[in-house]
Amino acid sequence: MIEKCKSCGTTFEVDDKFLTENVKWFKCGVCNNRWDLTSTLTENSEQTQTGLNEFDRVKNELASIKSVVEDKSKILANKTNIALDQKNKSVAEIASELSLSKLNETKSDKNKNLENRSDKKSSKKLNIFPLLTIFLVSLLSLGIFFRSLLVSYSYLYFPNYSINYSKKINELLSKIDLPVLSETKYLVLKNFAATFQNQKVRFTGIIKNNSNRPILTPRIKILVIREDRKIILEKILILEEKIIPPNSEINLNKLVESQINHNEENVSVKATFIKKFFD
């Protein structure tokens, strides 16, 4: 307890345990001034009451501040705050959201890859079409260019089908002036002879194929020429054999009717290959 002299203003520290009912007044040791203990207690009580009032005032202000803060907190709680919500989320919720986001990204990447693949496939299809067209045109051109060779091989390996279809193919190609022809440059006629028998002439010989592939059998044009260069017989011979196999030969043996007098002298006979294969 602090006591102050009302005369000289000197302060004294007084222990409360010495304040009893017998103590009625204080005396200043400096100026010998006396003052009643009652006034001191009254002042102390007033100070105490003032302190209590101040405490209550501060307490009330804190309570009002607390109320305002709680109201503000409730208002903020009702509003959506992304940062606060993210902060209040648990680790498991965050991990779940991250995994879901990763899954969505994976699905999005897969969809993009599928779209890219479909685009590439469509572009490939678009790119393949002109290539396929060029290939088919080239294949058709090669087939027309090697038509005689293809027909000869078809007679070699598929004779029945060739008999039925090769003539139709020739008719179709003949419309564009590309008939099926025999390659006579690889053929040789050997031991050719003509024998007169009454009103007939027999032509004999051997046709040899010097190539390594089959060749369509050509037709043979026969000319019988008299000494004065008059043609007394002109005939086209069609052999039964459709092809001459590679590096082999076939026999020519045809009997042809004619009006030639067997007593004719100085008569020459010529035989030449004709590339034409069909009528």
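The values are calculated or read from the model by the stated rules, or taken from the named source; none is laboratory data. Source: prediction; values computed, not measured. Note that each Cβ is placed from the backbone with ideal geometry, even for glycine, and that neighbours are counted across all protein chains shown.
Here are a few things to note about the model shown:
- Whichever residue in the range 215-267 is touching a residue at least 60 places away in the same chain (Cβ under 8 Å) and closer than 30 Å to TYR157 by Cβ and, among such residues, is surrounded by the fewest Cβ atoms within 10 Å (Cβ to Cβ): PRO245
- Considering (1) in contact with a Ser or Thr (Cβ under 7 Å, 6 or more places away or on another chain); (2) at pLDDT 90 or above; (3) closer than 30 Å to VAL267 by Cα, the lone condition that GLN199 does not fulfil carries the number (2).
- Filtered residues of the range 141-154 (kept if at pLDDT below 90 and within 36 Å of the chain's Cα centre (by Cα)): GLY143
- Annotation: of all residues in the range 173-210 being part of a helix (DSSP H, G or I) and not basic (Lys, Arg), the one that is farthest from LYS276 (Cα to Cα) is TYR186.
- Total residues in the range 164-198, condition free of Cβ contacts under 8 Å to residues at least 12 places away in the same chain and closer than 23 Å to LEU252 by Cβ: 2
- Within the range 211-245, the set of residues being in a strand (DSSP E or B), farther than 20 Å from SER268 by Cβ and of a type in the set (D, E, K, R) comprises ARG219 only.
- On the stretch given as the range 141-184, residues that are crowded, with 16+ Cβ neighbours inside 10 Å and of a type in the set (Gly, Ala, Ser) total 6.
- Considering SER138, SER152, the condition of being in contact (Cβ under 8 Å) with a residue 12 or more places away in the chain and either among the polar types (S, T, N, Q) or within 22 Å of ASP177 (Cβ to Cβ) (or both) is satisfied by SER152 alone.
- Among the candidates SER162, SER166, SER148, residue that is within 19 Å of ASN212 (Cβ to Cβ), small (Gly, Ala, Ser) and not in a strand (DSSP E or B): SER148
- All positions within the range 185-214 that are surrounded by 16 or more Cβ atoms within 10 Å (Cβ to Cβ), under 60 Å from the mean Cα position of the chain (by Cα) and of a type in the set (Val, Ile, Thr): ILE207
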